[in-house]
1. What do you get for trypsin sites (Lys or Arg not before Pro) in the range 291-394 restricted to DSSP loop and a cutoff of at most 11 other Cβ within 10 Å of the site's Cβ?
2. Report the full-extension gain for the segment Ser363 to Arg159: residue separation times 0.36 nm, less the Cα-Cα distance, to one decimal in nm.
3. How much length, in nm to one decimal, is gained on full extension between Phe205 and Leu19, taken as 0.36 nm per residue of separation minus their Cα-Cα distance?
4. Can you pull out the chymotrypsin sites (Phe, Trp or Tyr not before Pro) in the range 163-256 that DSSP calls coil and that have at most 15 other Cβ atoms within 10 Å?
5. How large is log10 of I(q)/I(0) for the range 158-425 at q = 0.13, 0.17 Å⁻¹ when the intensity is taken from the Debye formula with one equal scatterer per alpha-carbon?
6. Could you give the length gained on full extension between Glu235 and Val400, defined as 0.36 nm per residue of separation minus the Cα-Cα distance, in nm?
7. Give a residue-ordered list of calculated ³J(HN,Hα) values for the range 229-236 (Karplus: 6.51 cos²θ - 1.76 cosθ + 1.60, θ = phi - 60°; whole Hz; x for Gly, Pro).
8. Amide H neighbours of Ile326 under 5 Å, counting only residues 5+ apart in sequence or on other chains, H built in-plane at 1.01 Å?
Amino acid sequence: MFLLLPFDSLIVNLLGISLTVLFTLLLVFIIVPAIFGVSFGIRKLYMKTLLKIFAWATLRMERGAKEKNHQLYKPYTNGIIAKDPTSLEEEIKEIRRSGSSRALDNTPEFELSDIFYFCRKGMETIMDDEVTKRFSAEELESWNLLSRTNYNFQYISLRLTVLWGLGVLIRYCFLLPLRIALAFTGISLLVVGTTMVGYLPNGRFKEFLSKHVHLMCYRICVRALTAIITYHDRENRPRNGGICVANHTSPIDVIILASDGYYAMVGQVHGGLMGVIQRAMVKACPHVWFERSEVKDRHLVAKRLTEHVQDKSKLPILIFPEGTCINNTSVMMFKKGSFEIGATVYPVAIKYDPQFGDAFWNSSKYGMVTYLLRMMTSWAIVCSVWYLPPMTRETDEDAVQFANRVKSAIARQGGLVDLLWDGGLKREKVKDTFKEEQQKLYSKMIVGNHEDRSRS
């Protein structure tokens, strides 16, 4: 027994040295740079190395597929059906012209051939629905050594299998513990720091400390995901008294934006750990939290937001008007509430690079814990953020038109598909009003043709 004591002492000493070295590395290379907002370029070097490995893996897969006469699968990024942006009236007129030798003006109010338009649209929707596919992960053209969801993964060579296994060890045995430690550090500092700042009297010193505590903690959390973010046009960053609106792909969108700016958050009061964080944050910064019973009261929400933005000394509000997460390929309908209060809107476009990890949160498939585990076991989170020039509502523009104009600007800048559909279709059925709109368009075309002939 006594002979084992020196060995036990050696193990304890080695463990203590290892923890000291690990803590020192975290402090020097991650926490201190996060405090001052600087980077040593280690993450960018890591990203470039991964890109070379992915390129080699893709070439090796293509070569192996050719040797075995396997046809490589290429995903259709723009859909499997070519669709022309034509109106209902134009398409029905074209069908009538091709199906009848008579002039269009002499046709009756209704033709049986009109049915083919609606049948074709129905089949196109079944085969290539542009809405529901926005709620599932993107299909990658090349393998990122994370999963086997790509059809080309039916062939994997021994070298690729070994490389994939090595990647699993690195991600789960090295990166995951490191990231959990960083996330715990960032969240703990956020709770402790904002609580302490909250006891200070209101003034510039409190605002200064609150801002830098928030920025420091969010930057540590960004490093917990090995996030590599490129910010563009930072001169357009949101200012006090305004509203920052952005497309929504993931819950980490908040961290991505808050690590480069100081915002007032808007959301529902939660319990548990999230509730502890919310209560600590609101002591240091005027965030806008709503009780569960208040969220559905649109007038109360609008009143609270209006009061906030009218005070030009208060922070810009951060809002994601889609109301749900979309899979990084498109922007869906913006809820009009945040565009009704008459504040200056600062649009922000966020676009993730799915090669290193899929940031999209499919909330109908994964819980928050599972999603965060997937994020922390990915290679990295790489994204670009564009700050667009501020926009204001025009005199002849209603809230819906203003929301659509802002949404279109974000879609153009981020290279995203601009869709008019409501993201609520992720969990709900299509509203009857959508069906009635198509019926009204067809009825208007028929009645219009009849009225034109009556006048002539």
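Read-outs throughout are calculated quantities, based only on the coordinates presented, and are distinct from any laboratory measurement. A quick note: this is a predicted structure, and the numbers were derived from the prediction, not measured. Don't worry about glycine lacking a Cβ; one is built from the backbone with ideal geometry, like all the others, and counts go over all protein chains shown.
1. Of the trypsin sites (Lys or Arg not before Pro), the ones in loops of the range 291-394 whose Cβ has at most 11 other Cβ atoms within 10 Å are Arg292, Lys296, Lys312, Lys365.
2. 69.9 nm
3. 63.4 nm
4. In loop regions of the range 163-256 (DSSP not H, G, I, E or B), the sparsely surrounded chymotrypsin sites (Phe, Trp or Tyr not before Pro) are Tyr199.
5. Calculated log10 I(q)/I(0) at the listed q: -0.90, -1.52.
6. 56.7 nm
7. 10, 10, 9, 10, 6, 5, 5, 9
8. His248, Thr249
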